[in-house]
Amino acid sequence: MIRWSAGPSLCDGPAMTSPDGGRRGLQITLTALAAIPLASGLAGALRGPASLPGGSGVVSADVESEYRYTHAIYAAVAPLIWSAVPGIERRSTLVRAVSGALFLGGAARVLAWRSAGRPHPALVGATALELLGTPVLVAWQRRVATAAGER
């Protein structure tokens, strides 16, 4: 059988080609990355818009309320991800759902960028993680699930 390839993919590193699909590497990566929404979410929920890099924190009461609310939800992403880590090969639905929500958040950031201008570099980095990193994590989890005989 001939396999066509356009060259190496993001999923062809040493951890990704191990017999278990890089299960341990994925577990470590997800555990570490989940600290980002926890820290950012808690900072935003507790400090409000003043937690934004480069921001003054002065907004209307409605924006303040919405900002704190959405950041509390963002903080809840971390325990969801951490709950998936021990049996990551069986948690495809959760990984895809959380990754999909984060991807949509990144798309919303792009809309904001287009309408309001370029955000602080930290937020540009967050956008890159949301739009580029989450598809890689979904592909990696799928590889781990497939190697474990799960789907």
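Read-outs throughout are calculated quantities, based only on the coordinates presented, and are distinct from any laboratory measurement. The model shown is predicted, which means the values in this text are computed figures rather than measured ones. In this analysis, Cβ positions are derived from the backbone assuming ideal geometry, glycine residues included, and neighbour counts consider all displayed protein chains.
At a glance:
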| quantity | calculated |
| --- | --- |
| GNM flexibility winner over the chain from Ser40, Ser65, Ser92 (Cα, springs under 10 Å) | Ser65 |
| Total formal charge among the other residues, if their Cβ is under 15 angstrom from that of Tyr74, Lys/Arg +1 and Asp/Glu -1 | +1 |
| Magnitude of the charge dipole, the range 23-147, Cβ model with Lys/Arg +1 and Asp/Glu -1, debye to 20 | 520 debye |
| Rounded to whole Hz, the Karplus (6.51, -1.76, 1.60) HN-Hα couplings of the range 95-112, x for glycine and proline | 4, 5, 5, 5, 4, x, 5, 5, 4, 4, x, x, 5, 5, 4, 4, 4, 5 |
| Isotropically averaged projected area of the chain, using the convex hull of Cα atoms (one quarter of hull area), nm² | 10.7 nm² |
| Fluctuation leader among Arg90, Arg68, Arg114 - the chain, Gaussian network, Cα springs under 10 angstrom | Arg114 |
| Distance between modelled label sites at Ala148 and Val136, nm, 7 Å Cα→Cβ extension | 2.2 nm |
| Residues in the range 63-90 that a label on His120 would reach, taking backbone N under 18 Å of a point 7 Å out along Cα→Cβ | 63-72, 74-75 |
| Positive-end residue of Ala78, Ala139, Ile36, charge dipole of the chain with Cβ unit charges | Ala139 |
| Contact order relative to length of the chain, as percent, for alpha carbon pairs under 8 angstrom and 6 or more apart | 30 percent |
| Potential lengthening between Val59 and Leu104 on full extension [0.36 nm per residue; Cα-Cα distance subtracted] | 13.8 nm |
| Per-residue Cβ neighbour rank within 10 angstrom, fewest leading, Thr134, Thr70, Thr93 | Thr93, Thr70, Thr134 |
| Simple label model, 7 Å out from Cα along Cβ direction - Ala76 to Ala43, nm | 2.2 nm |
| Phi-based couplings in Hz for the range 26-39 (Karplus 6.51, -1.76, 1.60; Gly and Pro marked x) | 5, 4, 5, 4, 5, 4, 5, 5, 5, 5, 5, x, 5, 5 |
| Listed residues Gly44, Gly22, Gly117, most fluctuating in the chain (Gaussian network, C-alpha, under 10 Å) | Gly117 |
